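**Student:** Sending over a structure as structure tokens; questions will come in a sec.
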Amino acid sequence: MSNLTSREIHLVARPDGLPAAADFKLVEQQLAPAKDDIVVRNLYMSVDPAMRPALSNGQMKLDAVMTGGAVGVVTQSANTDYAEGSYVIHRSGFREYHISDGSDLRLIEPRGEPLTTHLHVLGGTGLTAYGGLLVTGALQEGENLFVSAAAGAVGSVVCQIGKIKNCRVAGSCGSQEKVDHLLNDLGIDYAFNYKTQSIAKELHIGLPDGIDVYFENVGGAHLDAACGQMRPLGRIPVCGMISAYNNKGARSEGVTTLSNMIYNRVTMRGFVVYEFENIREQFLYDMRTWMAEGRMKYSETIKSGIEAAPEALIGLLQGENTGKMLVQLADA
Ligand SMILES: NC(=O)c1ccc[n+]([C@@H]2O[C@H](COP(=O)([O-])OP(=O)(O)OC[C@H]3O[C@@H](n4cnc5c(N)ncnc54)[C@H](OP(=O)(O)O)[C@@H]3O)[C@@H](O)[C@H]2O)c1
């Protein structure tokens, strides 16, 4: 294959607080793939909160291309496992083309669903929600579930699984539009805007008998309020703490209600999505079934072009997205 021009996003300064556009640079690279290289044209890339701590803690290197999930189409290949025209998922987003030997690719075989769903409901986001809620959180039928960042990618899947399991579900989010979306589109029982309401008061109204499972996406004031209202033998699966990610060392605000864990014998446990690889097949089966039944909906917020990747990440950290934040890099 002839030489390729690929544009990519480099981190050029470590942000202090909310990242700024000047922390990133769009760089043009000339690629010269060898005959036995697999060339992937990236179509969509995933934008994730965990990228923010990675900008500060050294995981993302300075003056080097950033990394992140992406789906793409194979445009050159001599490898029969990844034939030209097949779709793949990998971790080399933030660039228009990815050159691979195949070891970092996973094949996607869409069954009529949009490709983008493999970056959220049918991908890592969905598996995070499914495993975190049902395995780590051990949610039981009919329990009381509270979800923070409820209108986001993970949160909206958690809310809907909660309803599928006949739970009473309350969710918090950062705008009235998101409150309306949670109540009217996703059908949860109670939703509130944490920016304008007291979290503790809203939880007393939305879940008056207390919380069996708090699916923690946010930390800080959310954890403080929820922990104080946990029921006996309640569980707090700790998925993320986005309220802390712009802080130095991703340090979260203090929590004053932890003594409630003692008397009510509450379990708090962190998890990472990689733990759930062993249930991926069951997860895909359940999600596809629920999607076909109209019980699992999703939203996407899509920015266009590689140059929009920094603003997509900055926007995600400010709550611009409903559902999954994505960047489209090329037409599918
Ligand atoms: N453990 C794992 O393996 C794993 C895997 C994936 C994701 N996660 C975690 O799951 C959480 C959700 O991730 P996601 O990909 O689904 O992102 P997301 O919820 O789609 O997007 C992030 C949302 O967080 C909310 N937010 C931002 N700053 C906030 C603050 N200071 N306080 C409260 N809410 C704030 C915003 O919504 P509002 O408008 O509602 O503020 C924003 O839309 C994150 O904490 C992430 O780190 C963990």
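The values are calculated or read from the model by the stated rules, or taken from the named source; none is laboratory data. Source: prediction; values computed, not measured. Note: ideal-geometry Cβ built from the backbone for every residue, glycine included; neighbour counts use all protein chains shown.
**Student:** What number of residues within the range 145-189 satisfy the criterion of being of a type in the set (S, T, N, Q), touching a strand residue (DSSP E or B) at 6+ places or on another chain (Cβ under 9 Å) and either closer than 24 Å to H118 by Cα or in contact (Cβ under 8 Å) with a residue 24 or more places away in the chain (or both)?
**Tutor:** Counting residues in the range 145-189 that are of a type in the set (S, T, N, Q), touching a strand residue (DSSP E or B) at 6+ places or on another chain (Cβ under 9 Å) and either closer than 24 Å to H118 by Cα or in contact (Cβ under 8 Å) with a residue 24 or more places away in the chain (or both) gives 5.
**Student:** Also, quick follow-up: Just to verify a result, which residue in the range 181-203, among those that are of a type in the set (D, E, K, R) and within 21 Å of I164 (Cβ to Cβ), is nearest to the ligand (Cβ to nearest atom)?
**Tutor:** D185
**Student:** Among the helices (runs of 4 or more DSSP H) contained in the range 241-332, which hold 1 or more residues that are touching a Ser or Thr at 6+ places or on another chain (Cβ under 9 Å) and near the ligand (Cβ under 9 Å from one of its atoms)?
**Tutor:** In the range 241-332, 309-317 are the helices (runs of 4 or more DSSP H) which contain 1 or more residues that are touching a Ser or Thr at 6+ places or on another chain (Cβ under 9 Å) and near the ligand (Cβ under 9 Å from one of its atoms).
**Student:** Only one of P114, P110 is within 19 Å of the chain's Cα centre (by Cα) and either away from the ligand (no atom under 16 Å from the Cβ) or acidic (D, E) (or both). Can you tell me which?
**Tutor:** P114
**Student:** A follow-up question, please. Give me a count of the residues in the range 220-234 that are within 12 Å of M268 (Cα to Cα) and within 15 Å of the ligand (Cβ to nearest atom).
**Tutor:** Residues meeting the conditions: 2.
**Student:** Hey, does the range 253-271 have a residue that's in contact (Cβ under 8 Å) with a residue 40 or more places away in the chain, farther than 26 Å from G58 by Cα, surrounded by 11 or more Cβ atoms within 10 Å (Cβ to Cβ) and of a type in the set (V, I, T)?
**Tutor:** no
**Student:** Taking into account only those residues within the range 315-332 that are farther than 18 Å from K178 by Cα and either among the charged types (D, E, K, R) or out of contact with any helix residue (DSSP H, G or I) (no Cβ under 7 Å at 6 or more places or on another chain) (or both), which is modelled with the lowest pLDDT?
**Tutor:** D331
**Student:** So which residues in the range 317-326 are within 10 Å of the chain's Cα centre (by Cα) and either charged (D, E, K, R) or at negative phi (or both), if there are any at all?
**Tutor:** Within the range 317-326, K324, M325 qualify.
**Student:** Quick one: how many residues across the range 168-191 are crowded, with 22+ Cβ neighbours inside 10 Å and not β-branched (V, I, T)?
**Tutor:** So the answer is 9.
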